[in-house]
1. Is it the case that some residue within segment A:151-161 is within 10 Å of another protein chain (Cβ to nearest Cβ) and without any contact (Cβ under 8 Å) to a residue 60 or more places away in the chain?
2. Give me the residue from segment B:86-106 that is touching an Asp or Glu at 6+ places or on another chain (Cβ under 7 Å) and over 30 Å from A:Leu45 (Cβ atoms) and, out of that set, nearest to the other protein chains (Cβ to nearest Cβ).
3. Which of the helices (runs of 4 or more DSSP H) found entirely inside segment A:1-113 contain at least 1 residues meeting this: within 11 Å of DNA strand D (Cβ to nearest atom) and modelled with pLDDT of 95 or more?
4. Restricting to helices (runs of 4 or more DSSP H) lying wholly in segment A:128-217: which have 2 or more residues that are aliphatic (A, V, I, L, M) and loosely packed, with under 13 Cβ neighbours inside 10 Å?
5. Could you figure out which of (1) out of contact with any Phe, Trp or Tyr (no Cβ under 8 Å at 6 or more places or on another chain); (2) of a type in the set (Ser, Thr, Tyr); (3) over 23 Å from B:Tyr202 (Cα atoms) isn't true of B:Thr155?
6. Under 9 Å by Cβ, and 6 or more places apart or on different chains, what pairs join a residue from segment B:44-67 that is free of Cβ contacts under 8 Å to residues at least 24 places away in the same chain with one that is more than 9 Å from DNA strand C (Cβ to nearest atom) and of a type in the set (Phe, Trp, Tyr)?
7. Is it the case, given these coordinates, that A:Arg86 is among the basic types (Lys, Arg) and closer than 25 Å to B:Thr185 by Cβ?
8. Quick check on this structure: which one of A:Leu112, A:Leu106 is touching a residue at least 12 places away in the same chain (Cβ under 8 Å), surrounded by fewer than 21 Cβ atoms within 10 Å (Cβ to Cβ) and of a type in the set (A, V, I, L, M)?
Number of protein chains: 2
Amino acid sequence: MSGGRLASGRSLWHAGAVKATSSARRIGTVDSKTRGRILDAAERLLLDEGYAAVTSRRVGAKAGLKSQLVHYYFRTMDDLFVEIFRRRAERDLRRFERALAADPSLRTVWKLTTDPSGTVFSIEFVALANHRKAIRAEIAHYAERFRAAQLKALTSAFDKSGITADQIAPIAALLLMTGVAQVLTLDEQLGVKTGHDETVSYVQSAIARLEPEEANP
Amino acid sequence: MSGGRLASGRSLWHAGAVKATSSARRIGTVDSKTRGRILDAAERLLLDEGYAAVTSRRVGAKAGLKSQLVHYYFRTMDDLFVEIFRRRAERDLRRFERALAADPSLRTVWKLTTDPSGTVFSIEFVALANHRKAIRAEIAHYAERFRAAQLKALTSAFDKSGITADQIAPIAALLLMTGVAQVLTLDEQLGVKTGHDETVSYVQSAIARLEPEEANP
DNA sequence: GTCTATACTTCGATAGAC
DNA sequence: GTCTATCGAAGTATAGAC
């Protein structure tokens, strides 16, 4: 077939000679509107077709720009990936904190955890992180932050509902919910739905048992 | 950087002109020893560096063969991917059935489910399936078979231990275990371990509660 | 800030000799 | 069954004009 990108590019697979010293190469400002469009296009591409589809040429095309502009705003494609991830993670983190501040309950955590696009996003990045060190570090960092935020909310929800540690520890409940959400989403991507209804209703009844109804439906 | 492969290749990303009719191109026999070596090398590469590292050239190098031999044994790279998957899935499936025939218990299912290489393998393929139709179909097929085999074992284990459906349905228990195993493995790949000990011991005690000790430790 | 042009690398795939 | 040779496409990245 044709050439491509994912197998050896200077910056993509090995570290590459970074030429740390000289290099007067110009880089666009972070608050540029064009830069935002590039990130939008790249994120869409990532979600729809996987990280392998995120090439400077395709991103440029999707954004209606010359592919070279991608290189103007991002020194390497790794930089672009890290930025896509950071931007999205930061946004989701805020959304999370806002929702949990408004209603710190088990069911809110469950609702947020089962957002499919969030899972697709993180699966794609875990696969990507599998072989790109710079990206792995970034993801690990946000994974910890996410878990901390969720744990905090879950802990306060447990306190409120009087759930004790000998029933289940908040952190265990969190990993359980995260895991279930992940399998369900992955399955769905494949078109597999065996047992989904039973599992969802099990989780929901477990939540209802631990955290009896109070106000919202 | 350099060229590469994963972004547009004729057969990799779009369907490509398959030229279904003519094409007298020769293909090696399925029982060839060389073919096996190619599959071994490709599987290792996939596990260690991700699917993007599986190119005909790199596979050839890893197997100590000319890359063209990869094309001799596999018409397209998609064919190679499907074969890697099929071979491994079939092997795991047999291993599964053997282990569960010997000891059809909840804890055996848990032990098998938490094999990290199995999870890494399937994550990699789910990411791959995200944008390759032919592969997705294959994975979905095996996912169903796996689940069926596991479910059968779990159902018989539940019967044996007298676990009833109003505690938890076998299929729900299966998805729960699969999900937890997935999160744990993914986390570990990133170097994140927050809450793992608590979660593992929760699962183990849940298993012990549902399925009281009998013989093996 | 954006564009044209271009260097260089790797990829998938095939043809044809041995 | 394996090798040499080669095509054509796509990728990352840079230089330099506008």
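1. Step one: list which residues in segment A:151-161 are within 10 Å of another protein chain (Cβ to nearest Cβ), which gives A:151.
Imposing the further condition that a residue be without any contact (Cβ under 8 Å) to a residue 60 or more places away in the chain reduces the set to A:151.
The answer is yes, given that some residue of segment A:151-161 is within 10 Å of another protein chain (Cβ to nearest Cβ) and without any contact (Cβ under 8 Å) to a residue 60 or more places away in the chain.
2. B:Leu106
3. So the answer is A:33-49, A:56-63, A:67-73, A:77-102.
4. On the way: elements: A:133-161, A:170-190, A:196-210.
Helices (runs of 4 or more DSSP H) meeting the threshold: none at all.
5. B:Thr155 satisfies all of (1) out of contact with any Phe, Trp or Tyr (no Cβ under 8 Å at 6 or more places or on another chain); (2) of a type in the set (Ser, Thr, Tyr); (3) over 23 Å from B:Tyr202 (Cα atoms) except (3).
6. Pairs found: B:Leu45/B:Tyr51.
7. yes
8. Details: A:Leu106 fails: surrounded by fewer than 21 Cβ atoms within 10 Å (Cβ to Cβ).
Among A:Leu112, A:Leu106, only A:Leu112 is touching a residue at least 12 places away in the same chain (Cβ under 8 Å), surrounded by fewer than 21 Cβ atoms within 10 Å (Cβ to Cβ) and of a type in the set (A, V, I, L, M).
The values are calculated or read from the model by the stated rules, or taken from the named source; none is laboratory data. Note that the coordinates shown come from a computational prediction; the quantities given were computed from them, not determined experimentally. With ideal geometry, Cβ positions are generated from the backbone for all residues, glycine too; neighbour counts draw on all protein chains shown.
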